[in-house]
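The values are calculated or read from the model by the stated rules, or taken from the named source; none is laboratory data. The structure presented is a predicted model; accordingly, all values stated were derived computationally and were not measured. All Cβ positions, even for glycine, are placed from backbone atoms using ideal geometry, and neighbour counts span all protein chains on display.
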Amino acid sequence: MTFDATSVPEDDLDGHTMEELGDYLDRGRTPYDPSIETSAACRLALVGMTRMQELARTALEHESGRDPARDDAWISGLLDTIKTEIRSGRDIPVGHPNPVLRLALTEAAVRGVIRRAGDTMGGVIMGRCVLDGDVTTPGAPIRIDVTAGLEYGMSVAETADRLRERITRALAEHTELVIGQIDVTIDDVYPGGDRTDDR
């Protein structure tokens, strides 16, 4: 699958573009490119693009013959989301018993945790993820705003509740953020396909 990144702004990803990363992924990530594989921004982009490849082989292929324009728009939108979310963003402090040490997570890393919580759930395709609030102040409550696509036939309310629970658990395990609220918006429905349900 070749990615058309012409509609996406050409932000510099540690010296690489989305188009270059797409070509690298198409080659099976060979030959090994250390400038890509050691870049956090590039690796986050590759994770999102790999997810797009998986979708293209399953549910999206079922609809492409009937409405290819819809799939093109959907993929373009997901590329835009990936481009936005791989930017590091704000530093989120992480506590440490030694006051001399300053540890932090980036917003991009936290969005990666949230996205993985949804993408490994089964029947859900994560869309936008926004951390709303002062993440730079330890203990300050924040709001998480996510969008997601849902496999046809799944319960919207039940799936949204499960997604909130999975995001809450993942953030509690990997961060010290205080989550005041998690808003989930289901903004798309896609055809059913083979899926595993990882609770």
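Give the number of residues within region 128-182 that are free of Cβ contacts under 8 Å to residues at least 24 places away in the same chain and at positive phi. The qualifying residues number 0. Quick check, is T147 surrounded by fewer than 17 Cβ atoms within 10 Å (Cβ to Cβ), at pLDDT 90 or above and not assigned by TED's automatic domain parsing to the domain that holds V47? Answer is no for this residue.
Restricting region 157-177 to residues that are hydrophobic (A, V, I, L, M, F, W, C) and surrounded by 14 or more Cβ atoms within 10 Å (Cβ to Cβ), the residue that is farthest from L131 (Cα to Cα) is A160.
Taking residues in region 1-27 that are outside the structural domain of S39 (by TED's automatic domain parsing) and β-branched (V, I, T), and partners anywhere that are part of a loop (DSSP other than H, G, I, E, B) and modelled with pLDDT under 50, not one pair has Cβ atoms closer than 8 Å while being at least 6 places apart or on different chains. For region 132-174, the set of residues classified as touching a Leu at 6+ places or on another chain (Cβ under 8 Å) and among the polar types (S, T, N, Q) consists of T159 only. Could you go through region 105-128 and let me know if any residue there is over 23 Å from L44 (Cα atoms) and surrounded by fewer than 17 Cβ atoms within 10 Å (Cβ to Cβ). Scanning region 105-128, I find no residue that is over 23 Å from L44 (Cα atoms) and surrounded by fewer than 17 Cβ atoms within 10 Å (Cβ to Cβ), so the answer is no. Count of region 167-190 residues, restricted to those that are of a type in the set (S, T, Y) and under 19 Å from T137 (Cβ atoms), is 1. Which of the residues that make up region 1-25 are modelled with pLDDT under 85 and among the aromatic types (F, W, Y)? Matches in region 1-25: F3 only.
Filtering region 113-134 to residues that are acidic (D, E) and within 16 Å of L177 (Cβ to Cβ) leaves D132, D134.
Among the residues of region 26-48, those that are at pLDDT 85 or above, part of a helix (DSSP H, G or I) and either on the phi > 0 side of the Ramachandran plot or not charged (D, E, K, R) (or both) comprise P34, S35, I36.
Scanning region 144-177 for residues that are closer than 30 Å to H96 by Cβ and either in contact with a Gly (Cβ under 6 Å, 6 or more places away or on another chain) or of a type in the set (D, E) (or both) gives D145, E165, E173, E176. If you go through region 132-144 and keep only what is surrounded by 15 or more Cβ atoms within 10 Å (Cβ to Cβ) and closer than 15 Å to R164 by Cβ, you end up with I142, I144.
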